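Just so you know, all these numbers are worked out from the coordinates, no wet-lab data involved. What you see is a predicted model; the values in this text were computed from it and never measured. We place every Cβ from the backbone using ideal geometry, glycine too, and count neighbours over all the protein chains shown.
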Amino acid sequence: VLPGTPTVLARPSSPGAPQLHRFLTLNAVEHRWVDCDADPLAGLLDAEQIGRLRLPAVVFPDGSLLEAPEHYVEVTKPPKGKHAEAVLPSLRWRTDLAERLGLPTRPRDARYDVVVAGGGPAGLAAAVSAASEGLSTLVLERFAPGGQAGTSAKIENYLGFPRGVSGAELAASAHEQALRFGAEILVGVEVLHAHPAEGDRMVVELVNGSVVAARSGVLAPGVSYRRLEAPGVHELLGAGVYYGSAPTEALLYRGREVAVVGGANSAGQAALHLAGYARSVTMVVRGEALASTMSHYLVERIETAPNIAVRTGTEVVRAEGERRLERLVVRERETAEESTLPAHALFVLIGGEPHTAGAEGWLQRDARGFLVTGPELLREGPANWPLQRDPLLLESSRPGVFIAGDVRRGSIKRVASAVGEGSMAVQLIHQYLAEN
Ligand SMILES: Cc1cc2nc3c(=O)[nH]c(=O)nc-3n(C[C@H](O)[C@H](O)[C@H](O)COP(=O)(O)OP(=O)(O)OC[C@H]3O[C@@H](n4cnc5c(N)ncnc54)[C@H](O)[C@@H]3O)c2cc1C
């Protein structure tokens, strides 16, 4: 631990402690972590004084202290209405923390050509393209650059890395590349509101009170996937275990045995798609019947597919395999009977919530909250689009605001496609700015 390193005092049970640990780790912040229940160092501290602190608390090298908010609330939904009252102190705490750690949290300018919300693969790719092409670019990232991809142990299907690349490495390189081209990237900063305005077209308000104006925007805030909590699943990510549907991986499992976890439409669509390649597809579904969670037409097609088996009332207990996934242990919920299922791949589709980064109320979303773009806007009805010209490919219902990555309706939930969409959005922004 270097001198000048902040110290965190925490207990494993302190609300917000795991998120704080992730925040520091993903942002590569050197720190000393003192577990007040287990660290011998804690025995030397004044127990009464620690007892009075709201943990986790961070002690900075200058002796100042930042305690946890009174009620830590993890952000899963945009801060609005009653929810905002509950969640805002936690968001402000994270921004304060980022600022005191010396991470960039305040925009240098008041106006930008492009403001990008979300610093995952889509947002960083947009930043690299925009900044390298001379557009003044601000990226707002509420947690850590890299997004979901940054947390992936190994990404094996991204172009140019034949032996795979860790998400952390990819995130760090993309971050560095965007900075090198001159993009400004704020960290630990949430978009509070974004709304259209005359002249400047869009005003973005940040959780720390900063306000910027933008000529155009890219929304790339991604989706929170629900994780499958079973031993072995995390370790085999990318080595047979995948989150999200399987448009490209299906080819890899031609003639093999695969499993899909989940009982909603996305899981049904993935199973049908996989059935076109795999020898057998087993759907592992916690509920008692598919019909209660899936559209009728999908249930019918699944029931008549000769190579799809559906195991309702069943859950995954363990994923096993030497270096790749080889089998799953599943358990029937009613009888608790366990059995083993050969599986070369497991696709997890148990739901996720799109983040909307202040878009609710002024950008068109579908029933599940995904943002609708391009020609699909017109298909949903003329009221969704205000101009004579047609919307550009990734354009939202607000001209000049483009959507990239997982949050876009119909997007393919993969790093490569998010990167592609982020770069494409900037080409479309050039087209938009040339006409405005
Ligand atoms: C466990 C796991 C493993 C995966 N493995 C692979 C793989 O091996 N190969 C592959 O191709 N794909 C993989 N994927 C899918 C891939 O990670 C995603 O498709 C990709 O990250 C989507 O990129 P994105 O930029 O759209 O969104 P994200 O990566 O989700 O990034 C969005 C970013 O926006 C930020 N944000 C959200 N809301 C706000 C806000 N209001 N203000 C500011 N910032 C905000 C978030 O903090 C996040 O950093 C995996 C996904 C998961 C969950």
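Of everything in region 408-425 that's touching a helix residue (DSSP H, G or I) at 6+ places or on another chain (Cβ under 8 Å) and assigned to a loop (DSSP other than H, G, I, E, B), which residue is nearest to Asn157 (Cα to Cα)?
Selected residue: Ser411.
Quick one: which of Pro40, Pro6, Pro18, Pro12 is closer than 23 Å to Gly188 by Cα and without any contact (Cβ under 8 Å) to a residue 24 or more places away in the chain?
Pro18
Look at Gly160 and say whether it is more than 10 Å from the ligand (Cβ to nearest atom), of a type in the set (Gly, Ala, Ser) and within 25 Å of Arg409 (Cβ to Cβ).
Criteria not met by Gly160.
Would you pick out the residues in region 374-419 that are of a type in the set (Phe, Trp, Tyr) and either over 15 Å from Leu433 (Cα atoms) or more than 13 Å from the ligand (Cβ to nearest atom) (or both)?
Result: Trp385, single match.
Inspect region 341-350 for any residue being more than 26 Å from Glu288 (Cβ to Cβ), away from the ligand (no atom under 12 Å from the Cβ), assigned to a strand (DSSP E or B) and of a type outside the set (S, T, N, Q) and give the result as yes or no.
The answer is no; no qualifying residue exists.
Can you give me the ranges of the strands (runs of 3 or more DSSP E) entirely in region 244-334 with at least 2 residues that are buried (at least 20 other Cβ atoms within 10 Å of the Cβ) and more than 24 Å from the chain's Cα centre (by Cα)?
Hits in region 244-334: 280-284, 308-311, 327-332.
Residue-wise test of (1) surrounded by fewer than 20 Cβ atoms within 10 Å (Cβ to Cβ); (2) over 20 Å from the mean Cα position of the chain (by Cα); (3) among the polar types (S, T, N, Q).
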{"residue": "Asp390", "(1), (2), (3)": "yes, yes, no"}
{"residue": "Arg398", "(1), (2), (3)": "no, yes, no"}
{"residue": "Arg408", "(1), (2), (3)": "no, no, no"}
{"residue": "Ile412", "(1), (2), (3)": "yes, no, no"}
{"residue": "Ile429", "(1), (2), (3)": "no, yes, no"}
{"residue": "Leu433", "(1), (2), (3)": "yes, yes, no"}
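Scan region 175-232 residue by residue and report those that are within 9 Å of the ligand (Cβ to nearest atom), part of a loop (DSSP other than H, G, I, E, B) and either under 25 Å from Asp96 (Cα atoms) or not charged (D, E, K, R) (or both).
Val189, Glu190, Val207, Ala220, Pro221, Gly222
Which of the numbered conditions does Gly244 fail, given that it passes all the others? Conditions: (1) in contact with a Ser or Thr (Cβ under 7 Å, 6 or more places away or on another chain); (2) among the small types (Gly, Ala, Ser); (3) on the phi > 0 side of the Ramachandran plot.
If we test Gly244 against (1) in contact with a Ser or Thr (Cβ under 7 Å, 6 or more places away or on another chain); (2) among the small types (Gly, Ala, Ser); (3) on the phi > 0 side of the Ramachandran plot, just (1) comes out false.
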